[in-house]
1. If R₀ is 25 angstrom, what is the calculated FRET efficiency for the pair CYS289 and ALA350, using the beta carbon separation as r and rounding to 0.05?
2. Between beta-carbons, use under 11 Å as the cut-off and find the net charge around THR233, counting Lys and Arg +1, Asp and Glu -1.
3. What order do you get for 313-326, 340-353 when each peptide is scored by the mean count of other beta carbon atoms within 10 Å, highest first?
4. Given the Cα-Cα distance of ALA3 and GLU327 and 0.36 nm per residue of separation, how much length would full extension add, in nm?
5. With +1 on each Lys and Arg Cβ and -1 on each Asp and Glu Cβ, how big is the dipole of segment 116-364 about its Cα centre, in debye rounded to the nearest 20?
6. Rank-order 171-179, 330-338 by packing density, defined as the average count of other C-beta atoms within 10 Å over each peptide's residues, highest first.
7. Any chance you could run the full-extension gain for ASP235 through LYS272? It's 0.36 nm times the residue separation minus the Cα-Cα distance, nm to one decimal.
Amino acid sequence: MSAINEELILDALGAVKDGENDIVSQKMVSGLQIKDGHVAFAIEVDPARGAQMEPLRKEAEKIVHALDGVLSATVVLTAEAGQGGGNAQPQAPEQHQHHPAGTGPDAIMMPGVKAIIAVASGKGGVGKSTTSVNLALALAADGRSVGILDADIYGPSVPRMLGVQGEPSSSDGKTLDPMQGHGIKCMSMGFLIEEETPVIWRGPMAQTALQQMMRDINWGDLDVLVVDMPPGTGDVQLTMAQQVPLTGAIIVSTPQDIALADARRGLNMFRKVDVPVFGIIENMSYFACPHCGERSDIFSHGGAKAEAALLSTDFLGEIPLAIDIRETSDNGNPIVISQPDSEHARAYRAIAVEVWRKTVAAQEKGEAEAPRIVVQ
Ligand code: ADP
């Protein structure tokens with residue numbers, strides 16, 4: 001494979017035009033990084049034209065990716081430099097290399113946190129946050145000290161679901177103290193970014209903010225931290241999985257999506273970084289009628305169970321599509337807290353028991369595999 005260099009990349013980018021002129025001669029390309037065939041750079045654009053620039057970003061990515069010797073190309077749009085800033089760096093290309101969870105170049109240490117569990121999904125809207133929150137509360141109901149990190153930069157909803165408002169403060173002047181909701185600690189991008197910020201600008205900038213936030217949280221001692229991951233299985237998720245020393249991961253899927261290779265991609269992503277996947281939860285699995293309690297399988301329910309078996313992972317349980325689950329989580333009193341004796345709360349509690357069992361098993365396995373220091 002031939003080696004790639006800056007000159008070859010800039011040459012190729014000379015074909016990408018913004019208006020009359022190309023983006024290189026207009027000095028729009030910045031922060032170019034090349035590492036073992038992985039290329040990353042930013043294109044600086046006028047913030048007013050943000051949304052229209054996505055095709056240009058894609059074109060640049062495609063052209064660089066097609067070059068000989070390029071394994072990956074990561075291109076982000078930035079508006080910083082034009083406004084006198086210039087510190088919005090693209091993600092370091094190292095992230096594409098193989099790094100087991102928590103050992104990447106920017107690994108984030110959380111010393112008092114005994115276990116970290118990621119809750120992921122192939123796409124948005126499948127109930128990942130609802131599941132994360134109820135699972136976290138169910139773990140707390142079993143006596144664990146629990147935190148939840150809302151890392152969903154695209155739609156942070158944990159504060160609303162836990163009924164937490166306001167801004168986190170700092171008692172030591174260095175790190176942020178997490179907020180508290182229903183007895184668990186909580187941190188969210190929702191405290192730090194405006195919901196109206198357009199996604200195209202939120203992406204790279206929020207990712208930088210997310211990394212900073214994760215470094216700067218004073219979690220104290222926790223038995224377990226539940227991480228509500230950004231939906232999907234792209235670079236943002238992979239980077240997170242590499243930076244945080246995850247104990248295990250859970251995939252949430254709906255019966256309609258399960259066959260769509262979404263769950264499969266999630267599994268592969270975590271396997272790539274050596275994180276054990278605890279299993280799949282099927283959400284909105286069947287319809288539970290609020291009036292008569294009757295259960296009807298509106299989507300061909302059971303897909304997750306079959307798919308989990310195919311993928312040799314475990315099926316952790318099913319949660320019905322129920323109006324009570326929606327209303328309680330959307331109004332800040334998740335069902336595990338507000339209707340603890342309900343069938344749905346019990347479903348979450350049963351999943352939490354299984355998740356905790358797997359967490360302890362993964363910790364024991366990790367300890368057994370960790371190198372021992374022998375004092376002679
Ligand atoms: P995601 O995090 O995957 O984007 P959310 O957890 O925000 O999804 O859920 C999306 C919407 O679906 C929310 O309004 C939530 O209350 C609702 N929802 C999630 N799970 C269920 C369920 N099992 N039954 C009914 N509504 C649900």
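1. That gives a FRET efficiency of 0.70.
2. Numbers: positive: LYS123, ARG264, ARG265, LYS272; negative: ASP235, ASP262.
Once all neighbours under 11 Å are counted, the net charge is +2.
3. Details: 313-326: 19.6, 340-353: 17.9.
Output ranking for 313-326, 340-353: 313-326, 340-353.
4. Gain on stretching ALA3 to GLU327: 111.0 nm.
5. Working: 19 positive and 30 negative charges, 100 e Å.
For segment 116-364, the charge dipole is close to 480 debye.
6. Numbers: 171-179: 13.8, 330-338: 20.0.
Per-residue Cβ counts within 10 Å, averaged per peptide and sorted highest first, yield 330-338, 171-179.
7. Extra length available between ASP235 and LYS272 comes to 12.1 nm.
Values in this text are rule-based calculations from the coordinates and carry no lab data. Predicted model only: the values in this text are computed from it and were never measured. Heads up, the Cβs are rebuilt from the backbone with ideal geometry, glycines too, and the neighbour counts pull from every protein chain shown.
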